[in-house]
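Following: one structure in structure tokens, then a few remarks.
The values are calculated or read from the model by the stated rules, or taken from the named source; none is laboratory data. The structure displayed is predicted, hence computed values, not measured ones. Ideal geometry is used to build each Cβ from the backbone, glycine not excepted, and the neighbour counts take in all protein chains shown.
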Amino acid sequence: MPIRISSPFFTGGSTRRLLTAALLIPLFTTTAGDAFADTATADRAHERYEVVGPATAQERTEVTDTGAAIDGVEETAVFITATPTEAEAVGDLGYEVTALPPPKTEAQRAQDFPPEDSGYHNFDELTEVVDTVVADHPGIARKATIGSSYEGRDLMAVKLSDNAGTDEDEPEVLLTHAQHAREHLTVEMAVYLLRTFTGEYGSDERITELLDSREIWILPNLNPDGSEYDTATGSYRNWRKNRQPSPEARAKGTDLNRNWGHQWGCCGGSSSVPSSPTYRGPAGESAPEVGAVADFVRGRVVDGEQQITVGIDFHTYGELVLWPYGYTYDETAPGMSQDEYDTHAALGELMAESNGYTPQQSSDLYITDGSINDWLWGDQGIFSFTFEMYPGSAVGGGFYPPDEVIPAETSRNREAVLDLLDHADCPQRAIGKEADHCGG
Ligand code: 7B0
Ligand code: CA
Ligand code: CA
Ligand code: CA
Ligand code: ZN
């Protein structure tokens, strides 16, 4: 008679065992063998099971005598392929039998980052992080779905603040990520911020005070269709845009960061050609992702006042801090006074001091029109920055730095983000003009 041995496999608490416990649905044990009483569904197909107990050749032979095939042998366990009836017979021998998830097909395996970059979060994994963070911290984190991507994925927003369920009269901050599909490090930036703010609330004094006095909106992936498409073959496609077909051509994809409605398409900073990587779309906000986020931002106007005062839109790469306008080389322009320009520059320079990026006006890089920065400032009066994250140049991996850099290159922006949050109540404090601009 085989005996259930309490083996190191069980008691040692090995990583493997923990993983197994998390991933598998225990099917039955000797004491719960009746799980198979319903034989109507039995014997549909062969499935894989883990069998804990068999430790000798004789015991393993008893397992194969049921008709099950052993595909893997460990010290006190085997992996089998068996019909449900055979698996039940193995259970009747006194072993713990657990069904294994079906192996991924070639196509399923490909729907993800390459294995060496598994530290990056695909869209399902990002959703799981968001759901976990809000479930674990309901008082300070709430999830909202603010719309859908072209292919129907959720556009998520997480609000972080004390009393997160209440719209309080606190300055609001907008952090947007991954307008560009291949800029996956920006999703990790969102994951870092979600975990840091919720994890350190109540222990880190600065974070606690900032969450108590601001409402922070993190939109962790503005372009989920694009980021999934970029990794769907298991190797990178170098994709930038969303996945919306253009009305007049076969080409797919609008550059979300050329589709915003302030000075859309004005100035040679975008393309009218659907196949271009900087295709601006047929009209401002024609991309559902841009429309949803723009509606969300407009929805933050309460009693005629935009509640969001400052924001960062995360991109890669170049290690830059950029501010509007992008559509003109001029510092001041309609809707941008010298004080407003100086405030952008002072905040940008302050943030660049801590992360070591290069601060400059967006158009110092090149002219862009229809970018989120120009719209947030020009249309909504929100002091707005683009961060181009690591690397500084193509040498560090371009759009695809290895996942090993994620911890250093996300935490690198911690101080900069906190500095911006500090100024959310009166951005013009950065130029010493709070009395002129903040009703002080
Ligand atoms: C872009 O290489 C945007 C600045 C917006 N004012 C810069 C951004 O959309 O061209 N650079 S990037 O594509 N991430
Ligand atoms: Ca790696
Ligand atoms: Ca609050
Ligand atoms: Ca509010
Ligand atoms: Zn970008």
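One residue is enough: does the stretch 425-433 have a residue meeting the conditions surrounded by fewer than 21 Cβ atoms within 10 Å (Cβ to Cβ) and on the phi > 0 side of the Ramachandran plot? Yes, the stretch 425-433 has at least one match.
For residues that are farther than 17 Å from Thr358 by Cα, under 17 Å from the mean Cα position of the chain (by Cα) and surrounded by 18 or more Cβ atoms within 10 Å (Cβ to Cβ), tally how many sit in the stretch 375-402. Number satisfying all stated conditions: 3. Applying the set (1) over 37 Å from the mean Cα position of the chain (by Cα); (2) at pLDDT below 95 to Glu88 leaves exactly one unmet item: (2). Can you find even one residue in the stretch 343-352 that is within 27 Å of the chain's Cα centre (by Cα) and of a type in the set (S, T, N, Q)? Looking through the stretch 343-352, none of the residues is within 27 Å of the chain's Cα centre (by Cα) and of a type in the set (S, T, N, Q).
Restricting the search to the stretch 360-380, which residues are small (Gly, Ala, Ser), closer than 22 Å to Arg298 by Cα, touching an Asp or Glu at 6+ places or on another chain (Cβ under 9 Å) and more than 7 Å from ligand 1 (Cβ to nearest atom)? Selection gives Gly370 alone.
In summary, Gly439 fulfils each of the numbered conditions (1) more than 27 Å from the chain's Cα centre (by Cα); (2) surrounded by fewer than 23 Cβ atoms within 10 Å (Cβ to Cβ); (3) at negative phi with the single exception of condition (3). Output the qualifying pairs, or none if there are none: Cβ atoms under 8 angstrom, residues six or more apart or on different chains, first residue in the stretch 164-183 and over 20 Å from Trp377 (Cα atoms) and within 16 Å of ligand 3 (Cβ to nearest atom), second residue hydrophobic (A, V, I, L, M, F, W, C) and modelled with pLDDT of 95 or more. Every condition considered, the pairs that remain are Ala164/Ile140; Ala164/Ala141; Asp167/Val302. Of all the numbered requirements in (1) basic (Lys, Arg); (2) away from ligand 4 (no atom under 16 Å from the Cβ); (3) under 30 Å from Gln111 (Cβ atoms), Arg142 misses one, and that requirement is (2).
Matching residues to (1) more than 20 Å from Val310 (Cα to Cα); (2) assigned to a loop (DSSP other than H, G, I, E, B):
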site	(1), (2)
Phe385	no, no
Gly392	yes, yes
Tyr400	yes, yes
Ala408	yes, no
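Residue count for the stretch 149-198, restricted to those that are more than 17 Å from Met389 (Cβ to Cβ), within 12 Å of the chain's Cα centre (by Cα) and either crowded, with 24+ Cβ neighbours inside 10 Å or among the aliphatic types (A, V, I, L, M) (or both): 4.
When Gly281, Gly268, Gly261 are screened for being surrounded by 23 or more Cβ atoms within 10 Å (Cβ to Cβ) and over 21 Å from Pro220 (Cβ atoms), only Gly281 passes. Considering Thr198, Thr186, the condition of being part of a helix (DSSP H, G or I), in contact (Cβ under 8 Å) with a residue 24 or more places away in the chain, of a type in the set (S, T, N, Q) and more than 25 Å from Arg243 (Cα to Cα) is satisfied by Thr198 alone.
Yes/no matrix, rows are residues, columns are (1) touching a strand residue (DSSP E or B) at 6+ places or on another chain (Cβ under 8 Å); (2) modelled with pLDDT under 95:
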| residue | (1), (2) |
| --- | --- |
| Leu222 | yes, no |
| Gln244 | yes, no |
| Ala249 | no, yes |
| Trp260 | no, no |
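Residues that are among the charged types (D, E, K, R), surrounded by fewer than 21 Cβ atoms within 10 Å (Cβ to Cβ) and touching a residue at least 60 places away in the same chain (Cβ under 8 Å) within the stretch 332-374 comprise Asp339, Asp342, listed in sequence order. Considering only residues in the stretch 360-382 that are touching a His at 6+ places or on another chain (Cβ under 6 Å) and of a type outside the set (Asp, Glu), the one that is farthest from ligand 4 (Cβ to nearest atom) turns out to be Gly378.
Go through the stretch 354-367 and give me each residue that's in a helix (DSSP H, G or I) and farther than 18 Å from Thr410 by Cβ.
The first filter runs over the stretch 354-367 and keeps only residues in a helix (DSSP H, G or I), leaving 354-355, 362-364.
Hits for the stretch 354-367 are Ser362, Ser363, Asp364.
In this structure, does Thr278 turn out to be within 16 Å of ligand 1 (Cβ to nearest atom) and of a type in the set (S, T, N, Q)? In short, yes.
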